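The values are calculated or read from the model by the stated rules, or taken from the named source; none is laboratory data. None of the values given here were measured: they were computed from a predicted structure. All Cβ positions, glycine included, derive from the backbone under ideal geometry; neighbour counts span all protein chains shown.
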Amino acid sequence: MTTKPSALITGITGQDGAYLTQFLLDQGYEVHGMVRRSSLEKFDRLTHLRDQIELHQGDLLDQLSLIRLLERVQPDEVYNLAAQSFVPTSFEQPLLTGEFNALGVTRMLEAVRLVDTSIRFYQASSSEMFGHVREEPQTEKTPFWPRSPYGAAKVYGHWITINYRESYDLFACNGILFNHESPLRGKEFVTRKITDAVARIYYGIQDKLMLGNLDAQRDWGFSGDYVRAMWMMLQHDTPDDYVVATGEKHTVREFVQHAFEHVNLKWENHVEIDPAFFRPADVNTLCGDATKARETINWEPEVSFAGLVTMMVDADLKRVEDELSKTPAKKNKAG
Ligand code: NAP
Ligand code: G4F
């Protein structure tokens, strides 16, 4: 009898957690997720998978909860996706962001080191670490210059992962993932904020979309493609760090333009600038070179920029239409 491989995902309730869960189930894994205790359960992204996975309480702030969780689950692989992931919040809550995104990684690595050093560990590193970019495109060798408490905390998480690999011989990998989006993206992030607004404007229940820095450039990919790269890193013979990116960058303005054009609306009639959405320091441009991931683990993205925008607008159109069908009097398509 062969036993199924098992994985523990922290941050399973998030965007990537949902896509990674589906991917690992499709690969025949037993999937466990760590969730924070909350007075209300927020498992919306996992609804369709709920009976195929096991959820356990734990928190990146609580070392013992992590140790006990690994002892109970005995996973082959740990995907550490949990984090305070919204950059503007990191300016408001820099210490808490550091607790989750920096020290939380150390707690997770300590738990692996104490419970079972054969566990393979994935850390969710970020292109936000490149910040004020030193070269373009960015590779695994590009120096970091974080521009937010979020980015600075992720740099710590990145290096402590490398340190545990070198000190204790752990199979620990960093995925330096560039921005990746999907219909499951939180509505506070710019892409989903735009596609949600486009759908609401199309159906006449919103008129204006307030945004900040339209000139920022990002290398946007699809979350479903990027979680595949996480898994591929842990299947390789040796642990290493990889940039995961499409190699193509676009401005926020271009994202806006594509999203509004998809429903034949003129974005200039609806988008306004609100200084409240500018950051104390922003990352003006990001564009990744994923040559190493392509050549070493054979990873390639499948969804294009245009495909991503269309997928997200279509999903929000369907969702808003479904919501409105429950309150038909409000439905009023914009021309
Ligand atoms: P997300 O949707 O914001 O999900 C974050 C997850 O972390 C949620 O499940 C959240 O749980 C959990 N979490 C936060 N604090 C926690 C704590 N103290 N203890 C336990 N769980 C906690 O983020 P995502 O887009 O899926 O990103 C996944 C990871 O990749 C994050 O580490 C992010 O920083 C990193 N990353 C993302 C991108 C991107 O473009 N998406 C790019 C590079 C790196 P609740 O549901 O309880 O809030
Ligand atoms: O969508 P964003 O909030 O994503 P950001 O800051 O790039 O961070 C995301 O990607 C990182 C990888 O590089 C992850 F590590 C991180 O967890 C997160 O997933 O903002 C993108 C750009 C920024 O330059 C921002 O200033 O869009 C600009 N922007 C313009 N108007 C806006 C808005 N961002 C938001 N959230 N809201 C706006 O109204």
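Data for the structure
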read-out: Identity of the residue in the range 257-284, among the acidic types (Asp, Glu) and part of a helix (DSSP H, G or I), that ends up farthest from ligand 2 (Cβ to nearest atom); value: Glu261
read-out: Flag for Val243 being buried (at least 20 other Cβ atoms within 10 Å of the Cβ), in contact (Cβ under 8 Å) with a residue 24 or more places away in the chain and within 11 Å of ligand 2 (Cβ to nearest atom); value: no
read-out: The range 77-108, residues that are away from ligand 1 (no atom under 11 Å from the Cβ) and touching an Asp or Glu at 6+ places or on another chain (Cβ under 9 Å); value: Pro88
read-out: Residue match in the range 177-196 (condition: in contact (Cβ under 8 Å) with a residue 24 or more places away in the chain, within 14 Å of ligand 1 (Cβ to nearest atom) and farther than 25 Å from Lys42 by Cβ); value: yes
read-out: Residue that is nearest to ligand 2 (Cβ to nearest atom) [pool: residues in the range 1-46 that are at pLDDT below 95 and among the β-branched types (Val, Ile, Thr)]; value: Thr3
read-out: Those residues of the range 1-36 which are hydroxyl-bearing (Ser, Thr, Tyr) and either part of a helix (DSSP H, G or I) or touching a residue at least 60 places away in the same chain (Cβ under 8 Å) (or both), in sequence order; value: Ser6, Thr10, Tyr19, Thr21
read-out: Candidates Ala315, Ala306, Ala229, Ala293, filtered to the one that is surrounded by fewer than 20 Cβ atoms within 10 Å (Cβ to Cβ), under 22 Å from the mean Cα position of the chain (by Cα) and closer than 23 Å to Leu24 by Cβ; value: Ala315
read-out: Strands (runs of 3 or more DSSP E) completely within the range 45-145 that count 1 or more residues being small (Gly, Ala, Ser) and touching a strand residue (DSSP E or B) at 6+ places or on another chain (Cβ under 9 Å); value: 120-126
read-out: Out of Asp207, Asp219, Asp274, sole residue that is over 13 Å from Asn179 (Cβ atoms) and either of a type in the set (A, V, I, L, M) or touching a Gly at 6+ places or on another chain (Cβ under 8 Å) (or both); value: Asp274
read-out: Residue, surrounded by the fewest Cβ atoms within 10 Å (Cβ to Cβ), within the range 180-226, restricted to residues that are of a type in the set (Phe, Trp, Tyr) and in a loop (DSSP other than H, G, I, E, B); value: Phe189
read-out: Flag if Glu128 is more than 24 Å from Asp316 (Cβ to Cβ) and away from ligand 1 (no atom under 14 Å from the Cβ); value: no
